[in-house]
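Undergrad: Provided herewith is a single structure, encoded as structure tokens, for subsequent inquiry.
The values are calculated or read from the model by the stated rules, or taken from the named source; none is laboratory data. This structure is a prediction, so every number in the text was calculated from the model and none was measured. Don't worry about glycine lacking a Cβ; one is built from the backbone with ideal geometry, like all the others, and counts go over all protein chains shown.
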Ligand SMILES: [Zn+2]
């Protein structure tokens, strides 16, 4: 069941329920910010037809999930009041520049357009596209603090701690006193990155002492002393994530485990030291009756998303007695992960990727993906995850919780998958495959519709593959 690392992004790993995790190519998250619930950003760019700056609020909820909205009523009161004035900060740094005129040269106009596009992309969950735009900004204006700020958040979220550090330091070097609250936040983030680097360093001094544990009715959590040292509230945080995963997955699959589930959390270096010998490729976790995962020192939205994914696998295994059809198992885990980010199904870029796969003969029949994903190359594995998520989303839209529970229950009694699909959905695997493809083709009816509109599209492909 092991599948190889399939992504240079390496944002998340995938836990096959009986086997190691392989990293997946789905960035799958908008959790750009870490830890504290803050209103951290606002007001960007009143260019184009709008004379006044349009405010964009970025805030992080208690679960570490980032939200981006231009609707202030969607921002909780505590977040709105937490950092009053951020909108003005952005206005003064960017947004009050004239829409046109002598002080806004072509390069500045392009910079502002790219940043505005990046914010729009972040709002839609198109993080790869946002990165490309922000990188383009820095090629023209290497000191642009806004771009450094958002790239630092994106890199942190992807586990690229060193690059996040570079961007935060560049932000601090470029940001003036008018950005003082952001400067303070950047300094706090830099110090948190020190903790992440320490936990990842195989040769570094690590906290010693006993492993810690905390249990409630549903979970038995164990975690290394280094995690306790970095985050005093570590156990409460991850227990909350797990409870949220349990309630989301229970609503989707109509089932919860009979017994409490063990979950073991490691700092990165500690995990590698303990488990590297098990696998021939890079992993961030595995399942052996308990879930074992690598954790950041300061857990946030990315760990929460990973737990939503892995918990779905664990319940699927308990209900069906295995992990097949593999595409259904993986697809359900994918859409649970996306739900942890308040996202429903695939992003438009991902659906477009599937349209291209259909056009170029790279679509892999779901029937081929039923036994496992093994034997796929990087590109194939990426397509397999996207197809699985699209198919699981399609099934979720055709069924209610009770029907999905019944479907898993039938699989658990050894009923053939096609028979189970026919009984619940009225169609077999091939018909599900056809329906998903039809929906993609209907959304992108022509070649023109699948072209990536940004002129940085070539770069985008690099970033997403
Ligand atoms: Zn998975």
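Undergrad: Just to be sure, is residue 338 closer than 25 Å to residue 407 by Cβ and modelled with pLDDT under 95?
TA: yes
Undergrad: Of the residues 338, 342, which is in the same structural domain as residue 440 (by TED's automatic domain parsing) and either closer than 21 Å to residue 417 by Cβ or not in a helix (DSSP H, G or I) (or both)?
TA: Only one candidate qualifies: 342.
Undergrad: Oh, and also: Quick one: residue 308 ticks every box in (1) within 16 Å of the ligand (Cβ to nearest atom); (2) assigned by TED's automatic domain parsing to the domain that holds residue 381 bar one, so which box is it?
TA: (2)
Undergrad: So which residues in region 248-288 are assigned to a helix (DSSP H, G or I) and within 20 Å of the chain's Cα centre (by Cα), if there are any at all?
TA: Matches in region 248-288: 248, 249, 252, 268.
Conditions tested, residue by residue: (1) away from the ligand (no atom under 15 Å from the Cβ); (2) buried (at least 19 other Cβ atoms within 10 Å of the Cβ); (3) closer than 17 Å to residue 200 by Cα.
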{"position": "241", "(1), (2), (3)": "yes, yes, no"}
{"position": "245", "(1), (2), (3)": "no, yes, no"}
{"position": "254", "(1), (2), (3)": "yes, yes, no"}
{"position": "259", "(1), (2), (3)": "yes, no, no"}
{"position": "283", "(1), (2), (3)": "no, yes, yes"}
{"position": "289", "(1), (2), (3)": "yes, no, no"}
{"position": "292", "(1), (2), (3)": "no, yes, yes"}
{"position": "304", "(1), (2), (3)": "yes, yes, no"}
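Undergrad: For residues that are modelled with pLDDT under 95 and within 12 Å of the ligand (Cβ to nearest atom), scanning just region 317-329, find the one that is surrounded by the most Cβ atoms within 10 Å (Cβ to Cβ).
TA: Applying the filter and picking the extreme gives 323.
Undergrad: A follow-up question, please. Any idea how many residues of region 357-414 are touching a helix residue (DSSP H, G or I) at 6+ places or on another chain (Cβ under 7 Å), farther than 21 Å from residue 441 by Cα and either at pLDDT below 95 or outside any helix (DSSP H, G or I) (or both)?
TA: Of the residues in that region, 6 qualify.
Undergrad: Touching a residue at least 24 places away in the same chain (Cβ under 8 Å), assigned to a loop (DSSP other than H, G, I, E, B) and surrounded by fewer than 19 Cβ atoms within 10 Å (Cβ to Cβ), is that true of residue 217?
TA: yes
Undergrad: On to the next question. Looking for something crowded, with 17+ Cβ neighbours inside 10 Å, touching a helix residue (DSSP H, G or I) at 6+ places or on another chain (Cβ under 6 Å), more than 30 Å from residue 337 (Cβ to Cβ) and modelled with pLDDT under 90 - is there at least one such residue anywhere in region 107-118?
TA: Within region 107-118 (the criterion being crowded, with 17+ Cβ neighbours inside 10 Å, touching a helix residue (DSSP H, G or I) at 6+ places or on another chain (Cβ under 6 Å), more than 30 Å from residue 337 (Cβ to Cβ) and modelled with pLDDT under 90), the answer is yes, since at least one residue qualifies.
Undergrad: I would also like to ask the following. Any residue at all in region 341-348 that is within 11 Å of the ligand (Cβ to nearest atom) and in contact (Cβ under 8 Å) with a residue 60 or more places away in the chain?
TA: no
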